[in-house]
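See below for the structure under consideration.
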Amino acid sequence: MRASFYQGSRTFTTGSAPRPVPQAGEALVRVERVGICGTDLHIYQGHLDHRVPRGGVIGHETFGEVVEAPAGGGVAAGDRVVVEPLWFCGACRACRMGASYLCYGLKVLGVDLPGGMQEYWAVPAARLLKVPPTLADDHAALVEPLAVATHDVRRAQVQAGDRVLVFGGGPIGALIALVARQRGAEVAVAEVNPFRVALLESFGLTTVGPDIDVSRFTADWTGGEGVDVAFEVTGNPAAARAVTDVVRVWGTVSIVAIHAEPIPVNLYALFARELNVHGARLYAREDWEEAIRLAASGAIPLAPLVSRKIRLEELQQGMEQALAGGPVMKVLVDLTA
Ligand SMILES: [Zn+2]
Ligand SMILES: [Zn+2]
């Protein structure tokens, strides 16, 4: 079978490998689509070399079809599935609390363990979720980032009628905005990339472009009170500095972006308005189920988010293009091409 291997910073090679043999409890999945996300770009640049082995297979936003299933695993050959790419211990404090996605020994498939950039993938059957026939192959590959968004919106307790400001209109920020709006919130997205601004506006979302001051915009929008919920999805220190300033009394700040370095945050605003601040990472099973419902019903427009499809052999170029920025939202690898 064909597979793509991480060979160290800025290098992927595509070659052949033996088809994996499923172990007890594992299903064999024929992988059809894999999305490339920001985490993959970090891997590509060598930032996660402490987690991703040389010769490792990445890819955690996946869709495929079961070709071999263990007895009693809840899936059967022919099922169309997405993969919840998590390994957790089931015994630690986080797992016992119901937060197995934050397991103290968490491993992510496609980062710490082999992922989906291979034609066949052996995956624990318990980590598979079936998707309905109404969900197109390309859109099924977006269920993973959509589950991130349903998790973030649920954790922030966005309500109908809330005003929500999202810092960052990439794939995750856009999906958070769309899910929050589907919940009945009024949503604005701060984004600098003109291609992304145009796409967000085509969804009918309000955008705050690079030449508009976010604090001034928010003051005008909310009569000086501040928004109910703000999501920080950029990873940019300037956004982290601004995010506590735009939220109303008793409002909520959700940190979704990965800030790898400590950075200045305005704790005075947090204190003075008694803000709730939390992190939001990955997803629980219910977030996946909600994502599948939203995607399959068409409640969230997914087609315009797919900017380009590439072959597995083009992974290296695809990563370079994604890093260059420009007119890109989501790039999918089509393993059937
Ligand atoms: Zn991802
Ligand atoms: Zn655990």
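The values are calculated or read from the model by the stated rules, or taken from the named source; none is laboratory data. Remember, it's a predicted structure, so these values are computed and weren't measured experimentally. Glycine gets a Cβ as well: all are built from the backbone with ideal geometry, and neighbour counts include every protein chain shown. Calculation scope for accessible area: heavy atoms of the full protein, side chains included, ligands and nucleic acids excluded. Shrake-Rupley method; radii C 1.70, N 1.55, O 1.52, S 1.80 Å.
For every residue, the table says whether it meets (1) in contact (Cβ under 8 Å) with a residue 40 or more places away in the chain; (2) surrounded by 20 or more Cβ atoms within 10 Å (Cβ to Cβ).
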{"site": "Q23", "(1), (2)": "yes, no"}
{"site": "E26", "(1), (2)": "yes, yes"}
{"site": "R51", "(1), (2)": "yes, no"}
{"site": "H60", "(1), (2)": "yes, yes"}
{"site": "G74", "(1), (2)": "yes, no"}
{"site": "E84", "(1), (2)": "yes, yes"}
{"site": "G90", "(1), (2)": "no, no"}
{"site": "A94", "(1), (2)": "no, no"}
{"site": "A99", "(1), (2)": "yes, no"}
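Pull up segment 220-251, narrow it to residues that are open to solvent by 30 Å² or more (accessible area, probe 1.4 Å), closer than 17 Å to L275 by Cα and of a type in the set (A, V, I, L, M, F, W, C), then point me to the one that is nearest to the chain's Cα centre (by Cα).
W250
Wholly within segment 87-168, which helices (runs of 4 or more DSSP H) include no fewer than the required count, namely at least 2 residues that are within 22 Å of V29 (Cα to Cα) and not hydroxyl-bearing (S, T, Y)?
Working: elements: 93-97, 137-140, 143-155.
Result: 137-140, 143-155.
Could you pull out the residue among V123, V197, V111, V158 that is away from ligand 2 (no atom under 16 Å from the Cβ) and in contact with a helix residue (DSSP H, G or I) (Cβ under 6 Å, 6 or more places away or on another chain)? Quick ask: steps written out before the conclusion?
Details: V123 fails: in contact with a helix residue (DSSP H, G or I) (Cβ under 6 Å, 6 or more places away or on another chain); V197 fails: in contact with a helix residue (DSSP H, G or I) (Cβ under 6 Å, 6 or more places away or on another chain); V111 fails: in contact with a helix residue (DSSP H, G or I) (Cβ under 6 Å, 6 or more places away or on another chain).
Result of the check over V123, V197, V111, V158: V158.
So, in segment 169-196, of the ones that are among the hydrophobic types (A, V, I, L, M, F, W, C) and not in a helix (DSSP H, G or I), which residue ends up most open to solvent (accessible area, probe 1.4 Å)? Quick ask: steps written out before the conclusion?
Step one: of segment 169-196, the residues among the hydrophobic types (A, V, I, L, M, F, W, C) are 172, 174-180, 185, 187-190, 192, 195.
Filter again for not in a helix (DSSP H, G or I), leaving 185, 187-190, 192.
On the way: A185: 9, V187: 12, A188: 0, V189: 0, A190: 14, V192: 103 Å².
My answer is V192.
Taking segment 197-212 as the region of interest, how many residues are in a loop (DSSP other than H, G, I, E, B) and touching a residue at least 40 places away in the same chain (Cβ under 8 Å)?
First pass over segment 197-212, keeping only residues in a loop (DSSP other than H, G, I, E, B): 203-205, 209-212.
Restricting the remaining residues to those that are touching a residue at least 40 places away in the same chain (Cβ under 8 Å) gives 203.
Final tally of qualifying residues: 1.
Answer with yes or no whether Y120 is surrounded by 18 or more Cβ atoms within 10 Å (Cβ to Cβ) and over 21 Å from K330 (Cβ atoms). Before the answer, list the steps.
Working: surrounded by 18 or more Cβ atoms within 10 Å (Cβ to Cβ): yes; over 21 Å from K330 (Cβ atoms): yes.
So Y120 fits the description; yes.
Regarding segment 116-123, can at least one residue be identified that is more than 15 Å from ligand 1 (Cβ to nearest atom) and closer than 27 Å to G173 by Cα?
As a first pass, look at segment 116-123 and keep what is more than 15 Å from ligand 1 (Cβ to nearest atom): 118-123.
Retained after the next criterion (residues that are closer than 27 Å to G173 by Cα): none.
No, segment 116-123 contains no residue that is more than 15 Å from ligand 1 (Cβ to nearest atom) and closer than 27 Å to G173 by Cα.
Of the residues L178, L165, L106, which is closer than 30 Å to P20 by Cα, in contact (Cβ under 8 Å) with a residue 12 or more places away in the chain and in contact with a strand residue (DSSP E or B) (Cβ under 9 Å, 6 or more places away or on another chain)?
Values: L178 fails: closer than 30 Å to P20 by Cα; L165 fails: closer than 30 Å to P20 by Cα.
Answer to the selection: L106.
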